Amino acid sequence: LAKAIRRLQPLQRWVRTGEATAYEETERDFLPPDVFYKQLNERGFDFFTGVPDSLLKDFCGFVSDNHAPEKHVITANEGTAIAVAAGYHMATRRFPLVYLQNSGIGNTINPLLSLVDPRVYKIPMLLLIGWRGEPGKKDEPQHLVQGKVMSSLLTDVGITYEVLPDFEEGAAAALDLALYHLRTRGAPYAFLVRRQCFLKYDIKNSVSSPYPMNREMAIDYLTDKLGKFDAVVATTGFPSRELYELRIKKGQSTQQDFYCVGSMGHASSIAMGIALAKPSKNVFCFDGDGAFLMHMGAAAQVGSRNIHNFKHILLNNGSHDSVGGQPTVGFNVNFLEIAKACGYKHAVSVSTKEELDQAYSVFANSEGPSFMEIKLTRKTRKDLGRPKGEPRDNKELFMNFLDQ
């Protein structure tokens, strides 16, 4: 304890007061993922869990490549990660690390307050939070909203936090303070990670699969089959972006599509609400494996209802593709049997263009709710753009389409 207290002196200079030498003012620093990982190990952090984030992808990629699989769990959602970390701490008395994007803080609120809070079970853990939408930084509207309120949200739920320094000595000092907090208060402590904090790292053990189609090829096929009165709800990340670009490329209307720029895991519930209210329209949900897993209970609520016009398409490439390509358990899960068990009236799984051709007509014309899994390889264009205009404009156009 005395050693940790002595180490607080450099932290006051590097983190809290913001003092810098002339060298620091002219040279851009990046924190090497391997250095930060070593610093964590030296301080006893040996268990990592969470949901990958684009700002943390270099660190998360390094952990995926180098840490023991039995002590690294990529969870379905961020709240689950808090619970897994709590269980690990109770079993070992060690301090786990939970990583997430700030958009996932909402999923953590319940276990943070009702499980790990010092006034309840008093379970310490280190949180590593990617700060999307940081004030003063250019970002997408949904991230700007999250970024603006994140600090006050953490304060309101009683989480002490610091911005993670982007240089080796500062990170070490910050970790010493975090460790002192965990030991003395028994409460979570958070590091906020700014854009380009970490030195670039390319994940080596990325997801590979034998399937010939990638996601964009599948969506290309689907857009040719959809009718002009069919509504589409596309999940967050690359699926929405690819759908938008393919519509523009083909001269098709984007009015019939709702692009979920955020709210990961909720596309099928949005589509369910539309399908219930508009029984005369076929409503397609373009889902991803990571998003489906994040709130898999939604499949049970869909399957338990006789929603004849609900068409659920799962684009499964076994990865969190939009945030760095870390694996999901998508290729280890039998989504077809899950859909059937949840009550979907028709369910099919395909992995080639030929199988998709053979299965699509029956899928599209079957009494719903219907489910189709398309197994894919992970491959995304580097020049993939984003939907133009404001999200609320997309909503208004989509609502006008639903009125037709």
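Less than 5 angstrom separates the built amide H of residue 320 from those of 325, 326, 328, all sequence-distant by 5 or more or on a different chain.
Less than 5 angstrom separates the built amide H of residue 296 from none of the residues sequence-distant by 5 or more or on a different chain. When the chain is treated as a GNM with alpha-carbon contacts under 10 Å, the residue of 57, 311, 388 showing the greatest mean-square fluctuation is 388. The residues of the chain expose, per residue, 45 Å² of accessible area to a 1.4 Å probe.
Normalised by 2.2 N^0.38 Å, with N the number of residues, the alpha-carbon radius of gyration of segment 219-367 equals 0.97.
For segment 101-112, the Karplus equation 6.51 cos²θ - 1.76 cosθ + 1.60, evaluated at θ = phi - 60°, returns couplings of 7, 4, 5, x, 4, x, 5, 8, 4, 4, x, 5 Hz by residue, with Gly and Pro reported as x. Placing dummy labels 7 Å off each Cα toward the beta-carbon, the span from residue 183 to residue 367 is 6.6 nm. Heavy-atom surface analysis with a 1.4 Å probe gives the chain a carbon and sulfur content of 51 percent of its accessible area. Go ahead and set up a Gaussian network model of the chain, Cα springs under 10 Å, then flag whichever of 370, 304, 349 fluctuates most. It is 304. Expressed as an acute angle from 0 to 90° and rounded to the nearest 10, what is the orientation of the C-alpha long axis of helix 168-185 relative to the principal long axis of the chain? Long axis of 168-185 versus the principal axis of the chain: about 90 degrees. Placing +1 on the Cβ of every Lys and Arg and -1 on the Cβ of every Asp and Glu, with nothing else charged, gives segment 152-265 a dipole about its Cα centre of roughly 280 debye. Distance between Cα centroids, segment 46-99 to segment 222-283: provide it in whole Å. Using only Cα atoms to place each centre, the spacing works out to 33 Å. For the chain, what does the relative contact order come out to in percent, with C-alpha contacts under 8 Å and a separation of six or more? So the answer I get is 16 percent. Converting phi to 3J(HN,Hα) with the Karplus coefficients 6.51, -1.76 and 1.60 and the offset θ = phi - 60°, segment 335-347 yields 5, 4, 5, 4, 4, 4, 5, 7, x, 4, 6, 9, 9 Hz in sequence order, with x at every glycine or proline. Once you order the gyration tensor axes a ≥ b ≥ c over the Cα atoms, which shape class does segment 234-296 get: rounded for a/c under 1.5, otherwise prolate or oblate by comparing a/b with b/c? Note, shape of segment 234-296 comes out oblate.
Applying 0.36 nm per residue to the separation of residue 109 and residue 204 and subtracting their alpha-carbon distance, the gain on full extension is 30.9 nm.
Computed from backbone phi with θ = phi - 60° and the Karplus coefficients 6.51, -1.76 and 1.60, the 3J(HN,Hα) list for segment 392-404 is 5, 5, 4, 4, 5, 4, 5, 5, 5, 5, 5, 6, 6 Hz; x is used for glycine and proline. Between 82, 398, 308, the Cα set farthest toward the positive side of the dipole of the chain (charges on each charged residue's Cβ, about the Cα centre) is that of 82. Comparing Cα centroids, segment 140-154 and segment 372-397 end up 22 angstrom apart. Across the options 319, 196, 232, the greatest Cα extent toward the positive end of the charge dipole of segment 182-332 (unit charges at beta carbon of Lys, Arg, Asp, Glu) belongs to 196.
Full-extension gain between residue 355 and residue 396, please, as 0.36 nm times their residue separation minus the C-alpha to C-alpha distance. Intermediate values should be presented prior to the final figure.
On the way: separation 41, 0.36 × 41 = 14.76 nm, distance 3.64 nm.
So the chain would gain 11.1 nm between residue 355 and residue 396.
Computed over segment 146-198, relative contact order equals 43 percent, with contacts defined as Cα pairs under 8 Å that lie 6+ residues apart.
Distances between placed amide hydrogens fall under 5 Å for residue 128 paired with 98, 99, 100, 191, all partners being 5 or more residues away or on another chain. Between the helical axis of 33-42 and the longest alpha-carbon principal axis of the chain there is an angle of about 60 degrees. Cα extents for segment 283-382 along the principal axes, largest to smallest and rounded to whole angstrom: 38, 31, 22. For the chain, the longest principal axis of the C-alpha atoms and the axis of helix 141-156 are separated by about 40°. Using the Cα centre as the reference, give the magnitude of the dipole from point charges on the C-beta atoms of the chain (Lys, Arg: +1; Asp, Glu: -1; all else neutral), rounded to the nearest 20 debye. Approximately 540 debye in magnitude.
Under the rule a/c < 1.5 gives rounded, and otherwise a/b versus b/c splits prolate from oblate, where does segment 342-403 land using the Cα gyration tensor? It would help to have the intermediate numbers written out before the result.
Working: a/c = 2.83, a/b = 1.33, b/c = 2.12.
Oblate shape, in that a/c is at least 1.5 and b/c is the bigger or equal ratio.
Using 0.36 nm per residue, how much length does the chain from residue 35 to residue 220 gain when fully extended, once their Cα-Cα distance is taken away? Each step should come with its number before you reach the end.
Details: separation 185, 0.36 × 185 = 66.60 nm, distance 4.25 nm.
Answer, rounded to one decimal: 62.4 nm.
Keeping all protein chains in the complex and leaving out DNA, RNA and ligands, what accessible area do you get for residue 195 with a 1.4 Å probe, in Å² to the nearest 10? Roughly 100 Å² of residue 195 is accessible to a 1.4 Å probe.
The values are calculated or read from the model by the stated rules, or taken from the named source; none is laboratory data. Not measured: the values here are computed from a predicted model. Counting neighbours? That spans all protein chains shown, and the Cβs are built from the backbone with ideal geometry, glycine included. The area values use the complete protein model at the heavy-atom level, side chains included, leaving out ligands, DNA and RNA. Shrake-Rupley method; radii C 1.70, N 1.55, O 1.52, S 1.80 Å.
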